[in-house]
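Have a look at the structure below, then the notes.
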Amino acid sequence: RQLQIGDRLRHYGVLWDICDYSTYTDPQGYATEEWLLKSETLKAYYLLREVDPANSENVTWYMAEELRNPTIVEPGSLTDLFLELAAEMRSDKTPYPELQVFNRVYLFESRTEGTYESDDQTTTRITWDYWDKPHLWNLALEAWSDRSLVVYSTREVQPTDFSDIQPASVGASPSSTSYPNSLDSRDPRRLQIVIASIITIVGLLLVMAGI
């Protein structure tokens, strides 16, 4: 069964809601499905499923986290390239051979341009893909048609890393999902029940103590 909006799944002990779905294709035939995952703490990741056009059975899964306004430099330089990258990518500038984000250096691997579809909207984006030397972490730079730049830190995952997949309830939506707290002061009925329970327990303790 294909993952759908409203489903839940568990990844290393954390339960995630699937809140959005989109697809991406490029002229080389690569097809990517993308699910937006959000946790109880509103942490967000994207789960990606990429199919190799040369072999449809060759499927790779990734987890991606968006990096908000990261400092992007060439190794050994202090000049932040973030504000200029989107325009440079759209102008067909030759990609930088190496980039550094935080303490990790990435090597350029590929440039792609394709169509992105989500919520009945279609747009285009240009992507520069970089990998670290062990090929464990990917840096994806995405220049969108609205002139924005989105940066992702991505790593490969395995389907077996996910468990406890819970189908969406009929009529439920991720935006309406609530997570109960141990004590929510905004819920008077719950607060009354807790107070009553405490009073009962204290009363039993007094009786047992002979007071």
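If I filter the range 50-62 for residues that are under 19 Å from TRP144 (Cα atoms) and in contact (Cβ under 8 Å) with a residue 60 or more places away in the chain, do I get at least one hit?
No, the range 50-62 contains no residue that is under 19 Å from TRP144 (Cα atoms) and in contact (Cβ under 8 Å) with a residue 60 or more places away in the chain.
I want to confirm something. Restricting to the range 1-33 and keeping residues that are part of a strand (DSSP E or B) and without any contact (Cβ under 8 Å) to a residue 24 or more places away in the chain, which single residue is nearest to PRO53 (Cα to Cα)?
ALA31
Within the range 120-130, take every residue that is out of contact with any Phe, Trp or Tyr (no Cβ under 6 Å at 6 or more places or on another chain) and in contact (Cβ under 8 Å) with a residue 12 or more places away in the chain and give me the one that is nearest to TYR21 (Cα to Cα).
So, considering only residues that are out of contact with any Phe, Trp or Tyr (no Cβ under 6 Å at 6 or more places or on another chain) and in contact (Cβ under 8 Å) with a residue 12 or more places away in the chain, the one nearest to TYR21 (Cα to Cα) is THR124.
Just to verify a result, which residue in the range 125-150, among those that are among the hydroxyl-bearing types (Ser, Thr, Tyr) and surrounded by 13 or more Cβ atoms within 10 Å (Cβ to Cβ), is modelled with the lowest pLDDT?
Looking at the filtered set, the residue picked out is THR127.
From the set of residues in the range 106-118 that are in contact (Cβ under 8 Å) with a residue 24 or more places away in the chain and open to solvent by 70 Å² or more (accessible area, probe 1.4 Å), which is nearest to the chain's Cα centre (by Cα)?
GLU117
Please give the strands (runs of 3 or more DSSP E) falling wholly within the range 106-161 in which 2 or more residues are within 13 Å of ARG90 (Cα to Cα).
Ranges flagged: 121-131, 137-144.
Identify all residues within the range 26-55 that are within 23 Å of ILE5 (Cα to Cα), touching a strand residue (DSSP E or B) at 6+ places or on another chain (Cβ under 8 Å) and of a type in the set (S, T, N, Q); write none if there are none.
THR32, SER39
Can you find a residue in the range 157-173 that is acidic (Asp, Glu) and either at positive phi or at pLDDT below 95 (or both)?
yes
Considering only the range 77-105, state which residues are part of a loop (DSSP other than H, G, I, E, B) and either open to solvent by less than 90 Å² (accessible area, probe 1.4 Å) or in contact with a strand residue (DSSP E or B) (Cβ under 6 Å, 6 or more places away or on another chain) (or both).
The answer is SER77, THR79, ASP80, LEU81, SER91, LYS93, PRO95, TYR96, PRO97.
The values are calculated or read from the model by the stated rules, or taken from the named source; none is laboratory data. This one's a predicted model, so the numbers in the text were calculated from it and none came from an experiment. All Cβ positions, even for glycine, are placed from backbone atoms using ideal geometry, and neighbour counts span all protein chains on display. Side chains are part of the model used for accessible areas, which takes the heavy atoms of the whole protein and leaves out ligands, DNA and RNA. Shrake-Rupley method; radii C 1.70, N 1.55, O 1.52, S 1.80 Å.
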